[in-house]
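Step one of this worksheet: look at the structure below.
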Amino acid sequence: MPGHTNHLIHETSPYLLQHAHNPVNWYPWGDEALNKAKEENKPILVSIGYSACHWCHVMEKESFEIEDTASIMNEHFINIKIDREERPDLDHIYMDAVQAMTGSGGWPLNVFLTPGKKPFYGGTYFPPQKAFNRPSWKEVLLGVAQAFNEKRHEIDAQAENLTENLIQSNSFGLQNPTGTDDLFISERLNEAFENIMKQADKQWGGFGHAPKFPQTFAIQFLLRHYYTTKNQDALDQALLSLDKMIEGGIYDQLGGGFARYATDKEWLIPHFEKMLYDNALLISVLSEAYQLSRKEKYREVIVGTMEFIQRELLHPQKAFYAALDADSEGVEGKFYVWDEKEVQEILKNEADVFCEFYDVTYKGNWEHKNILHIKEPVEKFAARKNIAVDELKELLKKGKKKLLEQRHKRIRPLLDDKIILGWNALMNTACSKAYAATGDEAYRQMAVDNMEFLLKNFITANKNEFYHTWKNGVKKYPAFLDDYAFLIQAILHLQEITGHTDWLLKAKGITEFVIKNFSETGTGFFFYTRTGQQDVIIRKKEVYDGAIPSGNSVMAYNLYHLSILFDEKEWKQRSYNILSLLGKAIIQYPTSLGNWAALLQEIISGTNEITLIGEDYSLVQRELLKQYIPHRVLMASSHSDQGFPLLAGKSVTTPASIWLCRDFNCQQPVTTVKGLISLINNLQRQ
């Protein structure tokens with residue numbers, strides 16, 4: 001039996017439950033802990049992490065499980081543990097505070113607050129003994145406790161100043177709006193493209209230096225830039241980035257799915273945690289790459305990643321789990337790496353070719369172990385080894401199957417089994433886009449089943465209001481802007497692949513709820529938290545597109561598309577306005593505002609308003625969805641409908657007619673997808 005049990009024992013978060021038997025007297029964030037800090041006049045220590053975080057585990061083992069360290073924490077502080085995935089609102093605020101104080105951030109995030117929740121000191125990982133130019137955790141604890149008791153006036157003043165700075169920085173980049181005449185022109189897109197390419201790694205793909213993240217929004221921008229301009233450099237960099245990730249260790253060569261990032265420029269060494277949102281965004285951009293290039297390897301990776309999701313992240317009720325840990329048996333990556341001897345024993349006569357192809361050696365390529373990765377394309381390898389390509393592919397396929405079966409026998413990384421609304425919505429969009437690209441009906445059914453789960457289990461008494469997380473039948477925390485924005489986006493995609501207009505009415509209702517409860521007066525932006533939330537010191541506006549797109553950029557997209565689908569001119573103007581407020585920053589920093597850049601790209605290029613109407617529209621819809629038409633809204637129906645502008649007044653034909661409009665100015669209808677593509681190409685040339 002554990003020697004200790006603290007206040008986290010009744011939580012549902014796997015991360016919080018990991019700490020439920022620490023000798024630290026941890027509390028969850030809530031009234032009990034916050035009131036106790038005020039009553040006892042003690043500083044609050046907030047420690048934020050997530051279940052798949054390697055260094056969070058390290059600090060727990062080195063400090064939070066140690067009795068004498070815990071006794072210092074318990075004596076001097078009210079200690080609160082937060083799962084950043086459950087409370088991203090608090091994580092955003094206190095991460096900003098630590099970055100302002102130290103110039104850097106990360107997890108675990110350890111921040112000290114006054115009893116009034118205002119931050120005054122913090123950092124990330126602290127070692128048990130002084131090392132890495134960092135003080136020991138005990139030194140930090142004792143130093144903060146002494147300063148709080150002896151220099152309280154200075155501490156309070158510092159906290160007030162820092163909080164005021166956080167409020168001021170919440171408007172960064174929004175003070176100098178770009179005039180629409182200067183922003184919505186093709187020259188701005190060329191500038192954004194050039195600024196992306198300045199960051200591009202033209203040898204190994206991706207952007208910037210190690211550690212390297214997928215940056216799917218920049219890749220998406222490049223694919224779409226090629227589509228509208230035929231700039232070959234844009235396509236080459238986008239596909240190079242995807243190819244190098246697919247060939248690298250960041251992609252699980254055996255089981256499919258992508259790790260969160262690579263620690264090196266070659267994408268070989270991943271940070272082994274697998275997050276739902278990363279895989280959702282990569283499936284989405286791979287679907288676009290496959291539609292555009294028709295390269296079979298992209299379809300194969302879509303299928304492999306979807307198989308991983310279905311096998312390892314799918315709840316029995318068709319929801320998607322949050323993440324898989326980086327560690328197993330207390331060792332990072334142990335589940336995924338191999339000894340050459342082990343591979344030789346499993347594959348026997350076929351081992352030598354397999355090992356050479358996937359760079360498996362006696363010495364290993366990472367900490368004396370081997371991360372499977374591809375050093376050269378299968379065609380080149382086959383030619384060099386004088387093996388038929390099909391024969392080599394079959395050998396590798398059999399070898400991967402055998403190794404995967406053996407890997408299933410290992411002790412698995414921890415599964416973070418909470419269901420997050422926004423991340424599920426991103427994956428729902430990925431299912432829709434994978435279905436559109438590949439035509440696999442199972443993906444469409446996944447999207448429908450998952451959406452039905454979300455609308456049933458996350459909803460409040462108000463049919464347009466939602467919770468943020470769900471686990472074991474328990475829903476918690478009011479949904480944040482990201483949740484709503486991603487959910488609306490997913491519903492819009494679902495309407496396109498199903499042709500069911502009821503989805504649009506649902507999307508409109510949720511959008512109206514967001515406008516009412518999240519809007520910032522004056523700017524048109526949206527706060528991260530809804531009106532009336534009492535436990536945050538500021539209402540933040542998130543605008544940067546990081547690991548996931550910002551809720552504001554997705555809402556701007558949603559408003560723009562819904563403005564066309566419902567002819568809501570006010571919503572279109574609001575989308576234009578907030579885009580203009582960020583205009584200069586979008587052009588200058590497109591890798592940090594990639595989703596915004598994609599919206600600007602669509603507005604400048606023009607949106608194709610496509611209506612498919614006829615008794616057998618589904619026969620044409622499948623072929624149409626396979627096409628790469630990135631800047632579009634699509635409606636399909638068996639009948640005219642006055643309630644939707646794109647369906648109003650259009651004649652029904654058999655099997656179906658396709659209407660192409662821009663700003664509700666329509667071309668003559670065509671009866672084939674080939675005819676539609678010809679119309680679109682003609683408009684692009686004008």
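The values are calculated or read from the model by the stated rules, or taken from the named source; none is laboratory data. Quick caveat: nothing in here was measured; it's all calculated off a predicted structure. Cβ: placed from backbone, ideal geometry, glycine included. Neighbour counts: every protein chain shown.
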Can you tell me how many residues in segment 285-303 are surrounded by fewer than 22 Cβ atoms within 10 Å (Cβ to Cβ), assigned to a helix (DSSP H, G or I) and among the charged types (D, E, K, R)? 4
For segment 503-546, give me each residue that is acidic (D, E) and either not assigned by TED's automatic domain parsing to the domain that holds R574 or not in a helix (DSSP H, G or I) (or both). E520, D535, E542, D545
If T114 satisfies every condition in (1) touching an Asp or Glu at 6+ places or on another chain (Cβ under 9 Å); (2) at pLDDT below 95; (3) among the hydroxyl-bearing types (S, T, Y) but one, which is the exception? (2)
Residues of segment 28-47 classified as crowded, with 19+ Cβ neighbours inside 10 Å and part of a loop (DSSP other than H, G, I, E, B), total: 3
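Which helices (runs of 4 or more DSSP H) does segment 135-251 wholly contain that include 1 or more residues that are closer than 22 Å to K584 by Cβ and of a type in the set (K, R)?
Working: elements: 137-150, 152-169, 180-183, 186-199, 216-229, 232-247.
The helices (runs of 4 or more DSSP H) meeting that bar are 186-199, 216-229.
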Quick check, is E496 surrounded by fewer than 17 Cβ atoms within 10 Å (Cβ to Cβ) and within 30 Å of G614 (Cα to Cα)? no
What number of residues within segment 617-650 are over 34 Å from the mean Cα position of the chain (by Cα), surrounded by fewer than 18 Cβ atoms within 10 Å (Cβ to Cβ) and under 17 Å from L676 (Cα atoms)? 0
Quick check on segment 416-427. Is at least one of its residues crowded, with 24+ Cβ neighbours inside 10 Å, modelled with pLDDT of 95 or more and among the small types (G, A, S)? yes
Per the list (1) buried (at least 16 other Cβ atoms within 10 Å of the Cβ); (2) modelled with pLDDT of 95 or more; (3) of a type in the set (G, A, S), residue check on G105 breaks on (2)
Identify, please: which residue in segment 360-380 is of a type outside the set (G, A, S) and at positive phi and is, among those, surrounded by the most Cβ atoms within 10 Å (Cβ to Cβ)? E367
Identify, by number, the condition in (1) of a type in the set (D, E, K, R); (2) surrounded by 22 or more Cβ atoms within 10 Å (Cβ to Cβ); (3) assigned to a strand (DSSP E or B) that D483 doesn't meet. (3)
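In this structure, is G208 touching a helix residue (DSSP H, G or I) at 6+ places or on another chain (Cβ under 6 Å) and either at pLDDT below 95 or not acidic (D, E) (or both)? Break it down into steps so the answer makes sense when it comes.
On the way: touching a helix residue (DSSP H, G or I) at 6+ places or on another chain (Cβ under 6 Å): yes; either at pLDDT below 95 or not acidic (D, E) (or both): yes.
Yes: the conditions hold for G208.
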Scan segment 337-359 for residues that are in contact with a Lys or Arg (Cβ under 8 Å, 6 or more places away or on another chain) and on the phi > 0 side of the Ramachandran plot and jot them down. D359
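Which residues, taken from segment 4-27, are outside any helix (DSSP H, G or I) and closer than 20 Å to I66 by Cβ?
Initial filter on segment 4-27 (outside any helix (DSSP H, G or I)): 4-6, 11-13, 19-27.
Within segment 4-27, H4, T5, N6, H19, A20, H21, N22, P23, V24, N25, W26, Y27 meet the criteria.
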Condition test on A437, is it loosely packed, with under 13 Cβ neighbours inside 10 Å, over 27 Å from T12 (Cα atoms) and hydrophobic (A, V, I, L, M, F, W, C)? no
Looking at the structure I just gave you, is D339 surrounded by fewer than 16 Cβ atoms within 10 Å (Cβ to Cβ), modelled with pLDDT of 95 or more and not aromatic (F, W, Y)? yes
Just a yes or no: is a residue in segment 474-488 among the acidic types (D, E) and more than 20 Å from the chain's Cα centre (by Cα)? no
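Out of V303, V343, V353, V331, which single residue is in contact with a Phe, Trp or Tyr (Cβ under 8 Å, 6 or more places away or on another chain) and of a type in the set (A, V, I, L, M, F, W, C)?
Values: V303 fails: in contact with a Phe, Trp or Tyr (Cβ under 8 Å, 6 or more places away or on another chain); V353 fails: in contact with a Phe, Trp or Tyr (Cβ under 8 Å, 6 or more places away or on another chain); V331 fails: in contact with a Phe, Trp or Tyr (Cβ under 8 Å, 6 or more places away or on another chain).
Residue meeting the stated conditions: V343.
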